[in-house]
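Working notes for the structure below.
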Amino acid sequence: MGFLSWARPGGRVSFFHAKENNLFLTKRSGKNGAKEQTTLAELCREATPARCDLNPFLFNGHLQTCWTTVKFDAVPVYYKRRIFEADSAEYRGTFAVDFVVDPYDAPTDPEATDEERKYTLPSGLPERTAMLSEDEFAALPSDDTKPMLVVLHGLSGGSHELYLRHVLHPLVAEREWEACVVNSRGCAQTKLSTGVLYNARATWDVRQTVKWLRKVFPNRPLYGIGFSLGANILTNYLGEEGDACQLKAAVICASPWNLEVSSVKLQSTYMGLEVYSKVMGSSMKRLFEQHAEELSKNTRVNADEVRGTTYLHEFDRVLQCAVWGYPTEGAYYRDAASTDSLFNIRIPFFVVQAEDDPISNVKALPFQEISQTPYGVMMTTSWGGHLGWFEFGGGRWFVKPVTNFLNMMAKEVDPEASPVVENPELVHGEPTTPQEPFSIESSVAGFNPMRRKLALPIIK
């Protein structure tokens, strides 16, 4: 069998969006001062290469996904970290935001500072990350108009993840963009200050971060991107914010969307259960062990049961359900799913998914839902795996449509002009309080996409 007989051709690229309800975006004034318009669908198509040409040696979703575990570190992005005290009574504690900064020399002193010891695990901060000094933090506020990207990482990850740096590097290389990464509680070498990890619908920290950014950088247009589980969290956040969202646009990349379907599909195959679910379960158990002392203070947590789990759904059943009050992992997955949340998003968003993704399964993608909102476009490739899309030579194809979209939204679209919906009466979803008790009188048109089943208690 020769090389050409198994080498895969360029992958198919497909687009899904509302056909009869366009979202019109106003372009910045041209030379003649005239305002031109484009549609979100046209912009997303223009941002995306026509073909998805990937590494022929990584010819399926499993190979593309597994290649992400191979360490390539040629994408240096430097951060300075700030620890924030949560302003939520339901989700108290601290969380870390890493701000992208110019390259700097790492401290030569191996001993951690008092500030680092206070908020960091004994193993120290991630590579190319240091704490913001008080003087540096005080100097952060700015009146500049540079676009700023707010980033959410995937399961048990952090600002150090390579897939994340692949996107950030071309945006910040010439300092045309500013960026920060909101690290999930307990991730990226941060200490937990309460007996609660993050979960798939934990939107509090990104909400607080965006509010703080809006205050400190009043003139910067803000954009968002989420990867994998972070994409699910970002989608839920966008839906919860609705018309009040402070972001100008967002990218949803490799989201699991319908978490229950994704979990069932993982458990239905040998590779899904014994490779992906086991690996993700192990990563969450390692995260638990890093914070076992603090998490064990929660009387609902049984450390022995957590340590006895093997797969991700078992970990979620034993830890996440116990901590958050869900009776089963299925109930948790259904409540945290972001599929319905897209109905309440009121900013332009671009979804990027691979149809052979073994973790964010194609059966869980919101094909019907995306056709019922003018605010979103979903682009799928027939090939790419989970956050893979590796090209021959090591680059990642998905970086092109993602960075193109963000640059076009920031540079070509007027950030001060509100998007215009062609047929507003066809838009679903109404902004109401997510924890509002259900009643016929309070239900708008019989459907509220953001009504959650879990009423969170005050965590003590």
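Counting only helical runs of four or more DSSP H residues, what would the 222 nm mean residue ellipticity of the chain come to if each run contributes -39,500 (n - 2.57) and the total is spread over all its residues? Present the calculation step by step, with values, prior to reporting the outcome.
Details: 17 runs with 130 residues, N = 460.
Mean residue ellipticity, 222 nm, calculated: -7500 deg cm²/dmol.
Using alpha carbon centroids, what distance separates the stretch 11-25 and the stretch 49-112, in Å?
30
In whole Å, what is the distance between the alpha-carbon centres of the stretch 263-285 and the stretch 168-185?
31
How large is the accessible surface per residue of the chain, computed with a 1.4 Å probe and reported in Å² as a whole number?
Working: 19960 Å² over 460 residues.
Per-residue accessible area for the chain comes out at 43 Å².
Return one quarter of the surface area of the convex hull spanned by the alpha-carbon atoms of the stretch 163-249, equal to its mean projected area, in nm².
Details: hull surface 26.1 nm².
With every direction weighted equally, the projected area is 6.5 nm².
For the chain, what is the relative contact order in percent, using Cα pairs closer than 8 Å and at least 6 residues apart in sequence?
Values: 892 pairs, mean separation 109.2, N = 460.
RCO, the chain: 24 percent.
Restricting attention to the alpha-carbon atoms of the stretch 319-358, what are Rg (one decimal) and Dmax (integer), both in Å?
Cα radius of gyration and Dmax of the stretch 319-358 are 14.1, 36 Å respectively.
Per q in 0.15, 0.17, 0.18 Å⁻¹, report the Debye log10 I(q)/I(0) for the stretch 103-213, using one uniform scatterer on each alpha carbon and no solvent.
-0.80, -1.04, -1.18
Out of all Cα-Cα pairs in the chain, roughly what percent, to the nearest whole number, are more than 31 Å apart?
On the way: 43132 of 105570 pairs.
More than 31 Å apart: 41 percent of the Cα pairs in the chain.
In whole Å, what are the extents of the stretch 284-328 along the principal axes defined by its C-alpha atoms, from largest to smallest?
Result, largest extent first: 25, 21, 14 Å.
Name the shape class, rounded, prolate or oblate, that the alpha-carbon gyration tensor gives for the stretch 127-179, where a ≥ b ≥ c are the square roots of its eigenvalues, rounded holds for a/c under 1.5, and otherwise prolate holds if a/b is larger than b/c and oblate otherwise. Mind showing how you got there, number by number?
Details: a/c = 2.10, a/b = 1.29, b/c = 1.62.
Cα axes put the stretch 127-179 in the oblate bin.
Of all beta bridges DSSP finds with both residues in the chain, what is the antiparallel percent, to the nearest 5?
Details: 25 of 54 bridges.
Rounded to the nearest five, the antiparallel share is 45 percent.
Pop out the carbon and sulfur fraction of the accessible area of the stretch 278-335 as a percent, whole number, probe 1.4 Å. Before the final figure, lay out the partial values.
Working: 1260 of 2680 Å².
Reported share for carbon and sulfur atoms: 47 percent.
Dipole of the chain (Lys/Arg Cβ +1, Asp/Glu Cβ -1, origin at the Cα centre): which of G325, G272, S184 lies farthest to the positive side?
Positive-most Cα among the choices belongs to G272.
With charges only on Cβ, +1 for K and R and -1 for D and E, what is the dipole size of the chain about its Cα centre, in debye, rounded to 20?
Values: 47 positive and 56 negative charges, 115 e Å.
Its charge dipole is roughly 560 debye.
Could you please put R317, R82, R185 in sequence from largest to smallest accessible area, using a 1.4 Å probe? Numbers along the way, then the final one.
Values: R317 115, R82 45, R185 5 Å².
From most accessible down to least: R317, R82, R185.
For the stretch 166-229, what % of the accessible area comes from carbon and sulfur atoms, probe 1.4 Å? All intermediate terms of the calculation are to be shown ahead of the outcome.
On the way: 850 of 1720 Å².
Taking all protein chains in place, the stretch 166-229 shows 49 percent carbon and sulfur surface.
Can you give the translational diffusion coefficient of the stretch 319-432 in µm²/s, computed by Stokes-Einstein from the Kirkwood radius over Cα pairs at 37 °C and 0.692 mPa s?
Stokes-Einstein gives a translational diffusion coefficient of 195 µm²/s.
Please state, as a whole number in µm²/s, the translational diffusion coefficient that the Stokes-Einstein equation yields for the stretch 277-358 at 10 °C and 1.306 mPa s, with Rh defined as the Kirkwood radius across alpha carbon pairs. Numbers along the way, then the final one.
Details: Rh = 14.6 Å.
Value of D from the Cα-based Kirkwood radius: 109 µm²/s.
What do you reckon, how do K453, K80, K248 stack up by accessible area (1.4 Å probe), largest on top? Walk me through the numbers on the way to the answer.
Values: K453 170, K80 30, K248 75 Å².
Final ranking, largest accessible area leading: K453, K248, K80.
Students sometimes get this wrong: rank V77, V275 by accessible area, probe 1.4 Å, all chains present, largest first. Mind dumping the intermediate values first?
Numbers: V77 5, V275 45 Å².
Heavy-atom accessible area, descending, gives V275, V77.
Using a cut-off of under 18 Å, list every residue of the stretch 129-156 whose amide N is near the label point 7 Å from the Cα of T113 along the Cα-to-beta-carbon line.
Taking a point 7 Å out along Cα→Cβ of T113, the residues of the stretch 129-156 whose backbone N falls under 18 Å are 129-141.
Full extension from E412 to A173: what is 0.36 nm times the residue separation minus their Cα-Cα distance, to one decimal in nm?
Once the chain is fully extended between E412 and A173, it gains 84.1 nm.
The values are calculated or read from the model by the stated rules, or taken from the named source; none is laboratory data. It should be emphasised that the depicted structure is a prediction, and the values quoted were computed from it without experimental measurement. As a convention, Cβ positions derive from the backbone with ideal geometry for all residues, glycine included, and neighbour counts pool all protein chains shown. Keep in mind that these areas ignore ligands, DNA and RNA; they rest on the heavy atoms of the full protein, side chains included. Shrake-Rupley method; radii C 1.70, N 1.55, O 1.52, S 1.80 Å.
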